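Asker: Dropping a structure here in structure tokens format, bear with me for questions.
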Amino acid sequence: MSTEAVADADRGWTPSPHQLQRARIAASMRRRRAVLATVVTIVVLGAVLAVFLTSPGWPAFRDYFLSWSDFKGAFPSVSRGFWFNIRVFLVAEPCVLVFASLVAVCRQSRSPWLAPLRLVSVVYTDLFRGIPSIVVVVIIGVGTPALQLNGVPTSLFWLGTISLILCYGAYVAEVLRAGILAVHPTQWSSAEALGLSRTQAMWRVIFPQAVRRSVPPLMNDLVSLQKDTALLSTLGVWEALRAASDWQGYHFNGTSLLVTALYFLVIAVPLTRLTDWLMLRQIRREQGR
């Protein structure tokens, strides 16, 4: 008897023989699908692994990327470099969210006093979404100190972080703007009926709903931001990729790159699973499940 049938029996209701038969057939089909999926997965992964292990260049690949001694040797250096990536991510993430929120709300404003800011926000999002992030990092990281401006930071940490904030602020602003546009127009009318001004309606009614709708794509952007902290290696700062490249060049072995990849995966995989969970939760809420 299935779990559902037992629960029904506990509630004082006995399923019919026909329903019990259908439950047994459904359970049998679920077991069959699970077995088939397991077998297919093992066969496909085994075939892919066999292709790698029997390829002519596998011994050279193994020696260059899978050296245990180089893995242990590069681990401390890459660890120190990865701490730099973590600090950049922790500083850039809240700044991106705040900055992008202001840009998104500014683009949706109807006030004539904010017309110049609307124009600037449109140009900003078009510009920084169209230029590759690595180009922005190099221009700001190398070009800003060359200007010798008073009061402008010359630290590569801050210049690299600012360049990432500008790049990802444009993407996140568009995500939030899409969330604002997705809120039903009747929410504006309801807020105005309660006596709220348009600014109050935006920040107290519309924007919180837009953020809830935008959480899954926002999490995707934050995962990408975490990975793109490696772009700061182009400025010469000692971060994870720079440390791995240094080990690779000095020891003629690329296992350090694998160490760097594992470090980024440790952060990216939990964030990705969290994104999937948030997306499923939002779908269930919208469908009333």
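Asker: Would you pick out the residues in segment 94-122 that are among the β-branched types (Val, Ile, Thr) and within 25 Å of Val223 (Cα to Cα)? Walk me through it before giving the result.
Answerer: Of all residues in segment 94-122, those among the β-branched types (Val, Ile, Thr) come to 96, 98, 103, 105, 120, 122.
Within segment 94-122, Val96, Val98, Val103, Val105, Val122 qualify.
Asker: Answer with yes or no whether Arg198 is within 18 Å of the chain's Cα centre (by Cα) and of a type in the set (D, E, K, R).
Answerer: no
Asker: Taking the stated definitions as given, is Val103 part of a helix (DSSP H, G or I), touching a Leu at 6+ places or on another chain (Cβ under 7 Å), crowded, with 19+ Cβ neighbours inside 10 Å and modelled with pLDDT of 90 or more? Walk me through it before giving the result.
Answerer: Working: part of a helix (DSSP H, G or I): yes; touching a Leu at 6+ places or on another chain (Cβ under 7 Å): no; crowded, with 19+ Cβ neighbours inside 10 Å: yes; modelled with pLDDT of 90 or more: yes.
Against the criterion (part of a helix (DSSP H, G or I), touching a Leu at 6+ places or on another chain (Cβ under 7 Å), crowded, with 19+ Cβ neighbours inside 10 Å and modelled with pLDDT of 90 or more), Val103 does not qualify.
Asker: Would you mind finding the one in Trp203, Trp158, Trp113 that is over 22 Å from Gln226 (Cα atoms), within 29 Å of the chain's Cα centre (by Cα), of a type in the set (A, V, I, L, M, F, W, C) and open to solvent by 60 Å² or more (accessible area, probe 1.4 Å)?
Answerer: Trp203 is the lone residue from the list that is over 22 Å from Gln226 (Cα atoms), within 29 Å of the chain's Cα centre (by Cα), of a type in the set (A, V, I, L, M, F, W, C) and open to solvent by 60 Å² or more (accessible area, probe 1.4 Å).
Asker: Which residue, of Phe52, Phe89, is in a helix (DSSP H, G or I) and closer than 26 Å to Leu232 by Cβ?
Answerer: On the way: Phe52 fails: closer than 26 Å to Leu232 by Cβ.
Residue meeting the stated conditions: Phe89.
Asker: For the condition in a helix (DSSP H, G or I), in contact (Cβ under 8 Å) with a residue 12 or more places away in the chain and among the β-branched types (Val, Ile, Thr), what is the one hit in Val138, Val98, Val123?
Answerer: On the way: Val98 fails: in contact (Cβ under 8 Å) with a residue 12 or more places away in the chain; Val123 fails: in contact (Cβ under 8 Å) with a residue 12 or more places away in the chain.
When all the criteria are applied, what remains is Val138.
Asker: Could you list, ordered by first residue, the pairs with Cβ atoms under 6 Å in which the first is in segment 171-190 and not in a helix (DSSP H, G or I) and the second is not small (Gly, Ala, Ser), at least 6 apart or interchain?
Answerer: Val183/Ile206; Val183/Gln209
The values are calculated or read from the model by the stated rules, or taken from the named source; none is laboratory data. Predicted, not measured: the structure shown is a model, and the values here were computed from it. Here Cβ is always computed from backbone atoms with ideal geometry, including for glycine, and neighbour counts include all displayed protein chains. Only protein heavy atoms, including side chains, enter the accessible area calculation; ligands, DNA and RNA are left aside. Shrake-Rupley method; radii C 1.70, N 1.55, O 1.52, S 1.80 Å.
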